[in-house]
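To start, the structure under review is shown below, and the notes come after it.
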Amino acid sequence: VDIMLDGSASQLHRQEMIASQGYIIAESLRLCRIPVQVYSFCSFCGYTVFNILREYKDRDGNRDMFRYSACGWNRDGLALRGAGYLMEQSQYPNRLLIILTDASPNDEQRMAPVSGAVRGKEYSGDAGIEDAAMEVRQLKKQGIRVMAVFYGLDSDLEGARKIYGSGFVRIKEMGQLADTVGNLLTSQLRSGR
């Protein structure tokens, strides 16, 4: 199981809660002997940065989860592509990616221009949502199950649907996070997919 945390500045007001809930989830998986890797992402000065908080091989705990911090932007499509790359490096045949997200891709860097255009579109709104949705489809083609825990605004709910389809659940407060992820994992393990 890989858990990817949105580390953009929109999470500043809840970063302690995200770190605590991430710790609980990772520790629960570790105690169940389920290999888990946890990382956060944000975009900063034109680069998407991954902060590895726990690797599969870490056997002695999850203290690094508290290094999670929120800053910068979020280029979700590129982060999803990076998550796929990290998961492809693992030795495990069954892979599940759980993204904790507000489903609101937004980056200061524009998208690459398409043929005939002088400037690319802004990476936000429908363009950012479509880019992220395309990367989710690619991950699924690689055999990676993708699920999202959405904790965003009502106005971003449709974006979550477009990106993740039926593969997301919504929580309204961060205190629900650990239980929600536990239920997601249980349903995935029972389905055997």
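The values are calculated or read from the model by the stated rules, or taken from the named source; none is laboratory data. This one's a predicted model, so the numbers in the text were calculated from it and none came from an experiment. Backbone-built Cβ (ideal geometry, glycine too); neighbour counts: all protein chains shown. Heavy atoms of the whole protein, side chains included, go into the accessibility calculation; ligands, DNA and RNA do not. Shrake-Rupley method; radii C 1.70, N 1.55, O 1.52, S 1.80 Å.
General observations
- On inspection, Ile3 passes the criterion of being surrounded by 16 or more Cβ atoms within 10 Å (Cβ to Cβ), in contact (Cβ under 8 Å) with a residue 12 or more places away in the chain and either among the hydrophobic types (A, V, I, L, M, F, W, C) or in contact with a helix residue (DSSP H, G or I) (Cβ under 6 Å, 6 or more places away or on another chain) (or both).
- Residue match in the stretch 15-26 (condition: surrounded by fewer than 16 Cβ atoms within 10 Å (Cβ to Cβ), farther than 17 Å from Gly82 by Cβ and of a type outside the set (Ser, Thr, Tyr)): yes
- Scanning the stretch 152-177 for residues that are open to solvent by 30 Å² or more (accessible area, probe 1.4 Å) and either of a type in the set (Asp, Glu) or in a helix (DSSP H, G or I) (or both) returns Asp154, Ser155, Asp156, Leu157, Glu158, Arg161, Lys162, Glu173, Gly175, Gln176.
- Residue, most open to solvent (accessible area, probe 1.4 Å), within the stretch 67-103, restricted to residues that are closer than 17 Å to Arg54 by Cα and of a type in the set (D, E, K, R): Arg67
- Verdict on Leu139 being in contact with a helix residue (DSSP H, G or I) (Cβ under 6 Å, 6 or more places away or on another chain), in a helix (DSSP H, G or I) and touching a residue at least 60 places away in the same chain (Cβ under 8 Å): no
- Residues located in the stretch 104-119, provided they are out of contact with any Asp or Glu (no Cβ under 7 Å at 6 or more places or on another chain) and open to solvent by less than 10 Å² (accessible area, probe 1.4 Å): none
- Picking from residues in the stretch 37-66 that are within 19 Å of Leu185 (Cβ to Cβ) and in contact with a Ser or Thr (Cβ under 9 Å, 6 or more places away or on another chain), the one that is surrounded by the fewest Cβ atoms within 10 Å (Cβ to Cβ) is Tyr56.
- Test: residue in the stretch 99-112 that is touching a Ser or Thr at 6+ places or on another chain (Cβ under 9 Å), closer than 24 Å to Gly22 by Cα, assigned to a loop (DSSP other than H, G, I, E, B) and among the charged types (D, E, K, R): yes
- Taking the stretch 165-193 as the range and being farther than 11 Å from Ile98 by Cβ, at pLDDT 80 or above and hydroxyl-bearing (Ser, Thr, Tyr) as the test, only Ser166 passes.
- Qualifying positions in the stretch 178-193 - buried (at least 16 other Cβ atoms within 10 Å of the Cβ) and out of contact with any Ser or Thr (no Cβ under 9 Å at 6 or more places or on another chain): Thr180, Leu184, Gln188
- Listed by first and then second residue, the pairs with beta-carbon distance under 9 Å, at least 6 apart or on different chains, first residue in the stretch 78-90 and among the basic types (Lys, Arg), second at pLDDT 95 or above and open to solvent by less than 20 Å² (accessible area, probe 1.4 Å), are Arg81/Glu135; Arg81/Leu139.
- Residue tally, condition among the small types (Gly, Ala, Ser) and closer than 19 Å to Ile25 by Cβ, over the stretch 153-181: 3
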